[in-house]
Every structure is written in C-alpha cells, then in structure tokens.
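A quick write-up on the structure given underneath.
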C-alpha cells in the first residue's frame, strides 16, 4: 500500500536500475561473434525502447564520448543523464562475461567524468557495465561490491523462458523480503 500511495522512492542509484535488461527489441541474434559496435548501433537505432528498458528519468547525451588525460584518450560507449538521480550515467557495453579489467576501466571513467564533466549541482556519476554474464567472485572482490556508483548488469538479447522468468521473479521476491526485513517493514 505504501508503494501504491507514495510511488517508488529513490534513495540511491541502485533503486533505479534493473537487471537483467531484456534487449530483445534490438533484433540481434545471440552469437559468439557479437561485437560491441553492433550492439551499440542497435541500441542507438532503438534508443526510445532502450530508454524505456533502462527505467525512468533517462535522457540520452552521447555515444562514444571522448574523455582525455594528458597523454591518452578514452571513449565511453554511451552517456545518459538521469534527471531523477540528478547525475550522469555512463554505460560500457561488453559482449562477453564481466572481467576485472572492465570494472577498473569503468571505475576510471566515472572518476574522470566526475572531475572533467560533472557540474556542481550534479550528484556523483554512475557507471554501468552491461555484460552478457558476471562472475560473482569478480563482483565480490572488486570495487563493485561496496560502490554505490558502479554496477554490472546482465543483458539478454532474447526474452527469457517461462521457467527463467519464474526463477527471476522468485529471486526478486526473496530480495525484496530480505530488504523489508532489514529495514523493519512488513
């Protein structure tokens, strides 16, 4: 009833992001040879649907956004602004399983973006690594574990089966119950 009357309360970045993202609207067949550039082009071509899949409050800012150090330049795959969180959201696309190098790269992007691009009124930049799969050990022992600004989110190019949806729903219900118990809500 509280959710129905107040709406979804957003207290931290993790409250707004969902995982996994279902990107079936991109019409890309699952393949071992999927390249990040193909995925990026498909997302840009379907930006409205992608924004809807991301959640509320997102505005598209740039693709292949260049940021530079004194000697090197780097390119962030996708940059969004979330007006509900009042922060930039950087997305790095990965067509393979998450690696510790991916985490380190995104951590650097977020820190650089905060220093070079973020405005005074903006909240800290959020980084999301969209990957096919993520190793729980890498998440556990990387900066992803305790960071409120870095996330790894799985994506799927096809709708999950009924059994997969059921397992995911059961997992989400369990997680919500645990959060409610933690905060003393019924």
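The values are calculated or read from the model by the stated rules, or taken from the named source; none is laboratory data. Values in this document were obtained by computation on a predicted structure and should not be read as measured data. Here the Cβ is made from the backbone with ideal geometry for all residues, glycine too, and neighbour counts use every protein chain on show.
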* To do: With the condition kept exactly as written, say whether any residue in region 29-52 is in contact (Cβ under 8 Å) with a residue 40 or more places away in the chain, assigned to a loop (DSSP other than H, G, I, E, B) and under 23 Å from residue 117 (Cα atoms).
  => no
* Asked: Mind checking which residues of region 82-110 are within 17 Å of residue 64 (Cα to Cα) and surrounded by fewer than 16 Cβ atoms within 10 Å (Cβ to Cβ)?
  -> 108
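I'd like to check which helices (runs of 4 or more DSSP H) are fully inside region 68-186 and have at least 3 residues that are at pLDDT 90 or above.
In region 68-186, the matching helices (runs of 4 or more DSSP H) lie at 100-116.
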